[in-house]
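Laboratory data are not the source of any read-out in this text; all were calculated from the coordinates shown. Quick caveat, the model's predicted, so the values are computed rather than measured. Every residue, glycine among them, receives a Cβ derived from its backbone with ideal geometry; neighbour counts consider all protein chains shown.
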Amino acid sequence: MTVHLIRRNIQSSASALKLATRRTKYLEKRLPASFNLELVKSKFLERTKGLEHISEIKEVDEIQNQSMMTFNNEYIVPSKVWFDTVTSSGSFSNDLINETLISKKWKKFPDLPIKMNGDYSFNALQLFDRSLDIGDLVLLRNSDKELLMCVDIPMSIEDPRFTFAKPDGTLVFSTKQNVTLRILNTLPKNILNHDLIKNKYEAGLINRKENNAIKLPSLPVVARQIATSPLPSEISRIAARDLNVNLKKLEVLHRYISDGVETSSISFLKLVHLVQNVDLNKLARNRADHDANHISNIIRNTKDDIQYMTKIDAITLLSTYWAVIQQQQSQLWGDIQIHSALLFPISVSVLPFNNVIYLNETIPRVATDENINKFTEAINKHNLEKINEKFPDFLNMLKEYGNGCYYGNEKITTIISKLFRRIETYKNKELSRDNCQKLYNELNPSNKILNSLLLSKDLCLPEISGTTRTEQLIYSLTEVDNHAIIDQRRHDFKDLKVFCIDEKTAHEIDDGVSVLRKDGNITRLFIHIADPASLFPLHNTIENNSTSDEILNIAFRRAFTTYLPEFVLPMLPKSFCTKSDLGNTGKMTNTITFSVDFDKSSCSILEDTFEIQLGKVNNFPKNTTYKEVDKILNSSIKRENDIERDLREMRFIANHLRKCRIDNSAVIFGEGFNKGAVNLIEKKQDGEKSYKVNFKDSETTPSNIIVSEFMILANSLAGKYFKNHKIPAIYKTYKGLNMKPKASSQFKKILNVNKKRLPSIKEISKIGSLLSSSTFSSKPSIHEMIGTDQYATVTSPLRRFPDLINHFQLHRYLTNQPLCFSQEKLDEMVWHLIERDTILRHYSRKFNKYWTLQYLNEKIEGNPLLRFDVMVQSVSENGRVHCILPKLSYATGTLKLKPSATTIPAIGEIIKNCKIANIDCLGNSLEFAIDENQEHDRVNTFT
């Protein structure tokens, strides 16, 4: 509210009160002298006692003075205090509250305003280096129509939310997990050095009941006018103005970048660059063939150009994001994948054009009321033969809705809702993906779907992707070429025992460890890694082989081995894995071996002894699964043989490596973390396949510590080697969130229990929202979680393409040949690796949660009175908190709090005897509620 408006309101109220006073005095003069006004008032008040709203009657001057005082305290004083602390130019005037950024008066204050010079670009590569901070512009999940500015970072782990300001000054509190798009922006230092918010609070917003005595935090009006509103308002205004044009551009681009049959994906940054460069005027003037040339040239020129990432236009970025969201309804674009560390849309699915045709032509034709009635009538009569013969489109609609293809599409949702309402057994059921899968299976029992997520387009699994099926055929026909020339230069480790500690069911074994006792207190550690790079001509100067090139291209497209509870899609052909796998005694196997000395007297790694060698090994002791190694190391009986001595030596070194990392601020979680990973057991009954859901906890055992610490050591030292020798490589990086000193101190205090014990699940929950995620980078960068300055993964080349890239670089460097990949090439390649990593992580969580919810659903179907003890994971918002079942890491959901509750539960608190109010397995939705009326002696608590 401006000064002028407030003054007008005050003057209006004062005028009304003066008029009422004059009328009262006039009436008093007209009443007879015998009329006792006080007596009438007392009798009236006696009759209405308890009903009246008691308020103090004040004089006009008093009301006006109080209003002006309130206005002064709430608007003028905070603005003046803030203004005077951040600027040395000009003097404060009340008129500043009414000014806008474009006013000429701002020229008097050169050190204050955000410069509106028309250039709203930023360097997207800096997303790797900067965590969410004050000044950044963001979109929030479920509120992505408005650009906000981050105005404060978390102040306490009791309330781990960031503070965001809308253009109108309204403050929004949310965790970084709700950020879907981030535009890098830096406020002037004089503004950053002073709090933007007044009425600061220390303990956060939790455990606070709404009452007038507590003032909510707010922005001084001048701070909003100068710092927080102009930029997001201006970017949003122009992005909205350009939306219609960019919708048309995206529609044109989709025709050229989509596959007619299968779903693909495109980097979101690349899509923004294409939108920015398409010229609709040029398209409108030219013929169709020229249109195609114009678009094709832009796409071709963008393909290998990394420069566009260094200057992304924020307006085009925002407008493109909004346009994609809008065109998802038209089935042009699928899911936008948000990177949880960069807080940025990393890729978007490009749906095949036949989806658009199906949606616009086929569905309106088949989904008439007449056909819906015929279809539902056949269902109600259980005429399955007629359904499969005459209504394949309806069946396909149910299947696609179940796998999420049409989930949220208004047209399809309306049609399926009509189906449900007309089917006797479904008319009272809610429309959900689970119920669509269930109905589809009832109508098509010979082709039952156990998990519709397997049909998700982004995963590109063989079930739905013809391209992936072709790739699998190529893989199955691939023979391995042996290149003997490199073997002559390999170091033969001869009889050195290589322990390949892994699960019995491991799909590929790509690492082994050894120790060799030297003179005195020195032991040399060896980490032997499988060497599939040597199977590709690219590792050497041999002339390229087209077959191997195609295998490499497929592996790059896949980027990682896809691990799902019921399915594994390998990154490399089986023949490559078989040839490269370690662990077959007597079989000479090529390795890249990383070795370094450990001094037992000082319990330290002697980094100057670090060496990387092309090697070959063949001595693999048997019975070295995690379980068997733990049995040996946990046994009280010590057998004096070489194998047990080596394992004990490894345990001693691994424990000291872990202690050293903890002392270097590494983050290691204790028991209770990563519980309940899904382990499916396939069953067949009457020829029908099903799964039994089991769970496996991540445990910290001696064998687990040996493997993890030795691999971390190899990756850490390799990262330093790449950096010191200036070898371009792919690194893994982790950067923590920005926090205020109090929150940072609390965060570190919880992690510092590492030095005495590992953090519990309750302690992890308290800082869960303040943990970031790791990502890949083409530049050396700190990995705060591991506790190292640089971390280049080299230990899993059979299942991670970044590791394979680093192996190619090492091959060339160690044999004094030109490197395979330049820095510019890796800058480009890393974005695809991040895209695939984001997609696979996303679906890994979805699959694990799906089967976890299936398990819980079966439990409550068998016992509707089953109750659960849940752990709170967030502060309360709109009467709900996020929660988890502590023993099942993927059983996350929301808990609806009792409206009558006098206190709000804190993060980490256990709420007992909660019931499951709603569960949607395919939708990954789980809702708990507190059952107030349940008799405790009838409640069985889930354990």
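Quick notes on this one:
- The convex hull built on the alpha-carbon positions of the range 242-352 has an orientation-averaged projected area of 7.1 nm².
- Relative contact order (%) - criterion: Cα under 8 Å, at least six apart; region: the range 367-449: 34
- Residues whose amide H lies under 5 Å from that of Thr609, counting only those 5 or more places away or on a different chain, are Asp597; hydrogens are built 1.01 Å from N in the peptide plane.
- Computed from the Cβ-Cβ distance with R0 of 56 Å, the FRET efficiency linking Thr425 to Ser91 stands at 0.15.
- Packing, taken as the mean count of other beta carbons within 10 Å per residue, orders the peptides 880-890, 63-73, 223-233, 165-175 from highest to lowest as 223-233, 880-890, 165-175, 63-73.
- Relative exposure of His842, His539, judged by other C-beta atoms within 10 Å (fewest first): His842, His539
- The length gained by stretching the chain between Met588 and Glu62 to full extension, at 0.36 nm per residue less their Cα-Cα distance, is 179.7 nm.
- For Thr793, the residues whose amide H sits under 5 Å from its own are Lys732, ignoring neighbours fewer than 5 places away on the same chain, with H placed 1.01 Å from N.
- The modelled label-to-label distance between Leu477 and Asp84, using points 7 Å beyond Cα along the C-beta direction, is 8.2 nm.
- Label zone at Glu463 (point 7 Å along Cα-to-Cβ), backbone N below 14 Å, the range 406-434: 434
- Packing order of peptides 366-373, 390-397, highest average first: 390-397, 366-373 (average count of other Cβ atoms within 10 Å over each peptide's residues).
- Inter-centroid distance (Cα atoms) of the range 128-154 relative to the range 772-794, Å: 24
- Sites Lys696 and Ser446 - FRET efficiency at Förster radius 35 Å, r taken between beta-carbons, to 0.05: 0.60
- By the count of neighbouring beta-carbon atoms within 10 Å, fewest first, Val667, Val81 end up ordered Val81, Val667.
- Descending by average beta-carbon neighbour count within 10 Å, the peptides 556-567, 848-859 line up as 848-859, 556-567, the highest first.
- Length available on full extension from Ala929 to Glu251: 0.36 nm per residue minus the Cα-Cα distance, which gives 239.7 nm.
- Paired Rg and Dmax values of the range 310-461, which use every Cα atom, in angstrom: 17.8, 62
- Order of Glu508, Glu361, Glu909 - criterion: other Cβ atoms within 10 Å of each residue's Cβ, fewest first: Glu361, Glu909, Glu508
- Overall Cα dimensions of the range 757-877 - principal axes, largest extent first, Å: 70, 31, 30
- Measuring nothing but how far apart in sequence close Cα pairs (under 8 Å, 6+ apart) lie, relative to its length, the range 718-831 scores a relative contact order of 36 percent.
- Interchain or long-range residues, amide H under 5 Å from Ser347's placed H: Phe268, Gln337
- Listed pairs Lys386/Lys689; Lys859/Lys912; Lys270/Lys311 exceeding 22 Å between Cα atoms: Lys386/Lys689
- Rounded to whole Hz, the Karplus (6.51, -1.76, 1.60) HN-Hα couplings of the range 837-852, x for glycine and proline: 4, 5, 5, 5, 4, 4, 6, 4, 5, 4, 5, 5, 5, 4, 6, 5
- Note on Asn863 and Asn634: the model spin-label points, each 7 Å out from Cα along the C-beta direction, lie 2.8 nm apart.
- Local electrostatic count, Ser340, Cβ distance below 9 Å [Lys/Arg +1, Asp/Glu -1]: +2
- Legend: residue pairs Lys457/Lys846; Lys411/Lys448; Lys574/Lys726, Cα-Cα distance threshold 23 Å; pairs beyond threshold, Lys411/Lys448; Lys574/Lys726.
- Estimated translational D of the range 367-449 in µm²/s (Stokes, Kirkwood radius over Cα pairs; 4 °C; 1.567 mPa s): 103
- The simple spin-label model puts a point 7 Å past each Cα toward its Cβ; for Arg841 and Gln126 those points are separated by 2.3 nm.
- Summed residue charge, Cβ within 13 Å of Gly169's Cβ, Lys/Arg positive, Asp/Glu negative: 0
- Applying 1/(1 + (r/R0)^6) with R0 = 45 Å to the Cβ-Cβ distance of Leu243 and Ala917 gives a FRET efficiency near 0.70.
- Mean separation of Cα contacts under 8 Å (6+ apart) over length of the range 242-352, as relative contact order %: 43
- Added length on full extension, which subtracts the Cα-Cα distance from 0.36 nm per residue, Arg557 to Glu385: 57.8 nm
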